[in-house]
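Pasting a structure here, questions to come.
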Amino acid sequence: MPEKELPKYTDDNEIPTLRKLILYNSNHIWEDVILQLQKATRFDIIQCEQIAIIAHTKGKAIVKSGEYDELSMINKILKEINLITEIQ
């Protein structure tokens, strides 16, 4: 059986690095956090509540994984109400 050759990546066809947008627990009004998450991500209300619950109970939650540009746009909207976030 012939061996398959794996594709070689150069800078021109490099695989994009996936990053994580993290939301940290803060002293914001619950409803404000949920609505801002929904505005930023377009997730349904249940998913936004789940993210907020995880951030509240564990101190932080992953909002979304993806490419930096996409996460940066979501992060910008979350920062409108001074939510504490980080892209890793």
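The values are calculated or read from the model by the stated rules, or taken from the named source; none is laboratory data. Quick caveat, the model's predicted, so the values are computed rather than measured. Note that we place each Cβ from the backbone using ideal geometry, even for glycine, and neighbour counts take in every protein chain shown.
Can you find, within region 32-59, the residue that is farthest from I74 (Cα to Cα) among those that are β-branched (V, I, T) and surrounded by 15 or more Cβ atoms within 10 Å (Cβ to Cβ)? So that I can check it myself, show each step before the final result.
To start, the set of residues in region 32-59 that are β-branched (V, I, T) comprises 33-34, 41, 45-46, 51, 53-54, 57.
Those left that are additionally surrounded by 15 or more Cβ atoms within 10 Å (Cβ to Cβ): 33-34, 41, 51, 54.
Working: V33: 13, I34: 14, T41: 6, I51: 14, I54: 18 Å.
Result: I54.
Here's the yes/no breakdown for (1) in contact with a helix residue (DSSP H, G or I) (Cβ under 6 Å, 6 or more places away or on another chain); (2) modelled with pLDDT of 95 or more; (3) closer than 19 Å to E80 by Cβ:
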| position | (1), (2), (3) |
| --- | --- |
| L23 | yes, yes, yes |
| I29 | no, yes, yes |
| F43 | no, yes, yes |
| Q47 | no, yes, no |
| I54 | no, yes, no |
| G66 | no, yes, no |
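If you don't mind, another one. Please find, within region 68-88, the residue that is farthest from Q38 (Cα to Cα) out of those that are touching a helix residue (DSSP H, G or I) at 6+ places or on another chain (Cβ under 7 Å) and among the aliphatic types (A, V, I, L, M).
Looking at the filtered set, the residue picked out is I87.
Only one of these is basic (K, R), out of contact with any Ser or Thr (no Cβ under 6 Å at 6 or more places or on another chain) and at pLDDT 95 or above: K8, K39. Name it. Spell out how you get there, then give the answer.
Numbers: K8 fails: at pLDDT 95 or above.
None of the others qualify; the one that does is K39.
Taking region 44-81 as the region of interest, how many residues are in contact (Cβ under 8 Å) with a residue 40 or more places away in the chain, outside any helix (DSSP H, G or I), closer than 19 Å to N25 by Cβ and not basic (K, R)? Don't jump to the end; show me each part of the working.
Here is the first cut: in region 44-81, the ones in contact (Cβ under 8 Å) with a residue 40 or more places away in the chain are 62-68, 71, 74-75, 77-78, 80-81.
Filter once more, keeping what is outside any helix (DSSP H, G or I): 62-67.
Narrowing the set further to residues that are closer than 19 Å to N25 by Cβ leaves 62-64.
Next cut, not basic (K, R) only: 62-63.
Count: 2.
A further question on this structure: Count, please, the residues in region 32-47 that happen to be of a type in the set (V, I, T) and within 14 Å of the chain's Cα centre (by Cα).
Of the residues in region 32-47, the ones of a type in the set (V, I, T) are 33-34, 41, 45-46.
So of that shortlist, the ones also within 14 Å of the chain's Cα centre (by Cα) come out as 41.
Matching residues across region 32-47 total 1.
Could you list, ordered by first residue, the pairs with Cβ atoms under 9 Å in which the first is in region 1-30 and assigned to a loop (DSSP other than H, G, I, E, B) and the second is of a type in the set (S, T, N, Q) and modelled with pLDDT of 60 or more, at least 6 apart or interchain?
Close Cβ pairs (under 9 Å, with a partner that is of a type in the set (S, T, N, Q) and modelled with pLDDT of 60 or more) amount to P7/N13; L18/S65; N25/T57; S26/N82; H28/Q36; H28/N82.
Still on this structure: Considering only residues that are hydrophobic (A, V, I, L, M, F, W, C) and touching a His at 6+ places or on another chain (Cβ under 9 Å), look in region 53-83 and name the one that is farthest from P16 (Cα to Cα). Before you say what the answer is, go through the steps one by one.
Just the residues of region 53-83 that are hydrophobic (A, V, I, L, M, F, W, C), to begin with: 53-55, 61-63, 71, 73-74, 77-78, 81, 83.
Imposing the further condition that a residue be touching a His at 6+ places or on another chain (Cβ under 9 Å) reduces the set to 81, 83.
On the way: I81: 30, L83: 27 Å.
The residue in question is I81.
Restricting attention to region 53-72, which residues are more than 11 Å from the chain's Cα centre (by Cα) and of a type in the set (K, R)?
K58, K60
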